[in-house]
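In what follows, a single structure is set out as structure tokens and then discussed.
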Ligand SMILES: Nc1ncnc2c1ncn2[C@@H]1O[C@H](COP(=O)(O)OP(=O)(O)O)[C@@H](O)[C@H]1O
Ligand SMILES: [Mg+2]
């Protein structure tokens, strides 16, 4: 096979897989913001925590699959507890209080992680079936990247089905535009908030497990990938899932092809992209509110 | 007594927006809450609805103390709220907007007066033809009908309607008036804030007039008619 084409395909797969991971992370962030008006600055920290939990579960059980199951659930439960017992308490003091709280929680998790696991970067092994390449049509595809893309697509489809085909989804979409009004119609919005928060942090957790074998596990994960996810939310438009998906994929591809074609510019490509979009659409591509 | 709000004191930060505000609504009654802009009519409704918490005072509905309860509890107790500015869900279809009003739980289907989706369509035929259209694409008058229909889907015992004819054409104003009259006939009590005095007078049994943050005058329509000082003080610009 033509080695140049092969390289394009491989880079494309890397970019797509990273883009889908960014989407998993960004969609929770954008949903929580859209519904509750909270910019959850601890979101990327949950993502990092889940990567550590993944490492730990594998250390105990040797099973990546078990880690993929357990780490995001534990992360989601911690998210629910944060919402129920801390965020809800400071809600009355406005968004600044919520913002500061999420920063505080994020610092506590970061420091705890360093105490428990140190600051070294920890490797995560993927199971044999996910290693190596599959060949189709004369091209090689890395299996783990395909797996990430497939898993994210399944989550995306389930999420869309819930959002657009169930009453719960309808309530969430309505609450994104006017939560108080939904509450005044007799729907327990705080309960829905808690659920959305849990699902959002669960998805951040899945993203954390997915990234662990690619980037290894280290405390700086939250900043590194979190910044990209934040850009995705801003450019896609706060509260817009479709925007997050589109921009996450663009960013993933920019990231991997950027390294290949304009390697000196690669680290700032996302920022350039963000600046260009925001000049023309200050609310992001699909954003409606300030 | 269906609704009994007594000595409500509500603040926006340090600004004292309701000062010992009280009002009652009897079963089956239409009560108008009138006054100039910025007096606190919407604040009164929001406080009853639980969207604002009063620092003191009591809201009793159907014998139950609902003071300071979350809005969804108040709605479930039987109060429907049609806010100013309509606040439909612009990104949801007309049908979904209506379905958002369904509260779940028990609906007394034996009651012939119960509001169902079929009855809503009968009353507002344009909705049947546009079930899949996004709420944002409706005209102002249609959006007003949609908010009212949405709240009716929850079968409230008391409907609080805040300035329903604001910004509507004369034809639509009449339509809204007729809808409110029909709702009242179906056995639902109404608390109405309305700037169009003619509309308010044609519907209401009793009125409350608000001065700045407080209750100024209360009485029947006939008593208000016989009291030009009260009208001059609280209504005329
Ligand atoms: N969200 C708010 N924050 C601060 N002040 C408010 C707010 N909403 C209303 N007010 C003030 O409270 C007073 C009563 O407002 P409102 O109840 O909306 O009056 P009305 O409905 O009678 O026109 C006004 O002076 C208004 O400026
Ligand atoms: Mg008002």
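The figures follow:
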quantity: Residue match in the range A:152-163 (condition: away from chain B (no Cβ under 14 Å), surrounded by 21 or more Cβ atoms within 10 Å (Cβ to Cβ) and in contact with a helix residue (DSSP H, G or I) (Cβ under 8 Å, 6 or more places away or on another chain)); calculated: yes
quantity: Any chance residue B:95 is at the interface with chain A (Cβ under 8 Å from one of its Cβ atoms), surrounded by fewer than 23 Cβ atoms within 10 Å (Cβ to Cβ) and under 22 Å from residue A:181 (Cα atoms); calculated: no
quantity: Residue check, residue B:213 without any contact (Cβ under 8 Å) to a residue 40 or more places away in the chain and either farther than 15 Å from residue B:29 by Cβ or within 16 Å of ligand 2 (Cβ to nearest atom) (or both); calculated: no
quantity: Qualifying residue in the range B:162-185 (condition: within 14 Å of another protein chain (Cβ to nearest Cβ), in contact (Cβ under 8 Å) with a residue 40 or more places away in the chain and either surrounded by fewer than 19 Cβ atoms within 10 Å (Cβ to Cβ) or closer than 22 Å to residue B:47 by Cα (or both)); calculated: yes
quantity: Breaking point among (1) within 9 Å of ligand 1 (Cβ to nearest atom); (2) touching a residue at least 40 places away in the same chain (Cβ under 8 Å), for residue B:15; calculated: (2)
quantity: Per-region count, the range B:43-64, residues within 13 Å of chain A (Cβ to nearest Cβ) and within 16 Å of ligand 2 (Cβ to nearest atom); calculated: 7
quantity: Qualifying residue in the range B:144-167 (condition: in a helix (DSSP H, G or I), away from ligand 1 (no atom under 16 Å from the Cβ) and over 24 Å from residue B:95 (Cβ atoms)); calculated: no
quantity: Residue A:236 modelled with pLDDT of 90 or more and either closer than 18 Å to residue A:47 by Cα or within 14 Å of chain B (Cβ to nearest Cβ) (or both); calculated: no
quantity: Long-range neighbours under 8 Å by Cβ, at least six apart or interchain, first residue under 20 Å from residue B:12 (Cα atoms) within the range B:23-51, second within 8 Å of ligand 2 (Cβ to nearest atom) and not in a loop (DSSP other than H, G, I, E, B); calculated: B:35/B:41; B:41/B:162; B:41/B:193; B:42/B:162; B:42/B:193; B:45/B:162; B:45/B:193
quantity: Of the criteria (1) within 16 Å of ligand 2 (Cβ to nearest atom); (2) out of contact with any strand residue (DSSP E or B) (no Cβ under 9 Å at 6 or more places or on another chain); (3) farther than 18 Å from residue B:207 by Cβ, which one residue B:13 fails; calculated: (1)
quantity: Condition met for residue B:233 (free of Cβ contacts under 8 Å to residues at least 60 places away in the same chain, more than 28 Å from residue B:156 (Cα to Cα) and within 16 Å of ligand 1 (Cβ to nearest atom)); calculated: yes
quantity: Test set (1) in a helix (DSSP H, G or I); (2) touching a strand residue (DSSP E or B) at 6+ places or on another chain (Cβ under 9 Å); (3) over 22 Å from residue B:143 (Cα atoms) - residue B:202 fails condition number; calculated: (2)
quantity: Which listed residue, of B:36, B:70, is surrounded by fewer than 19 Cβ atoms within 10 Å (Cβ to Cβ), in contact with a helix residue (DSSP H, G or I) (Cβ under 8 Å, 6 or more places away or on another chain) and at the interface with chain A (Cβ under 9 Å from one of its Cβ atoms); calculated: B:70
quantity: Qualifying position, being more than 22 Å from residue A:176 (Cβ to Cβ) and within 12 Å of chain A (Cβ to nearest Cβ), among B:86, B:76; calculated: B:76
quantity: Per-region count, the range B:25-53, residues more than 8 Å from ligand 1 (Cβ to nearest atom) and on the phi > 0 side of the Ramachandran plot; calculated: 2
quantity: Filter pass, residue A:198 being modelled with pLDDT of 90 or more, surrounded by fewer than 23 Cβ atoms within 10 Å (Cβ to Cβ) and in contact with a helix residue (DSSP H, G or I) (Cβ under 6 Å, 6 or more places away or on another chain); calculated: yes
quantity: Boolean, residue A:249 is surrounded by fewer than 22 Cβ atoms within 10 Å (Cβ to Cβ), more than 14 Å from chain B (Cβ to nearest Cβ), touching a helix residue (DSSP H, G or I) at 6+ places or on another chain (Cβ under 6 Å) and touching a residue at least 60 places away in the same chain (Cβ under 8 Å); calculated: yes
quantity: Any chance residue A:47 is under 14 Å from residue A:214 (Cβ atoms), under 12 Å from the mean Cα position of the chain (by Cα) and crowded, with 24+ Cβ neighbours inside 10 Å; calculated: yes
quantity: Any pair with Cβ under 8 angstrom, 6 or more apart, that starts in the range B:84-95 at a residue that is within 16 Å of ligand 2 (Cβ to nearest atom) and ends at one that is assigned to a loop (DSSP other than H, G, I, E, B); calculated: B:84/B:163; B:84/B:166
quantity: From A:203, A:181, residue being buried (at least 21 other Cβ atoms within 10 Å of the Cβ), more than 14 Å from every other protein chain (Cβ to nearest Cβ) and modelled with pLDDT of 95 or more; calculated: A:203
quantity: In the range B:16-33, residue surrounded by the fewest Cβ atoms within 10 Å (Cβ to Cβ) [restricted to those that are more than 29 Å from residue B:181 (Cβ to Cβ) and more than 16 Å from ligand 2 (Cβ to nearest atom)]; calculated: B:20
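The values are calculated or read from the model by the stated rules, or taken from the named source; none is laboratory data. The structure presented is a predicted model; accordingly, all values stated were derived computationally and were not measured. FYI the Cβ positions are ideal-geometry reconstructions off the backbone, even for glycines, and counts take in every protein chain you see.
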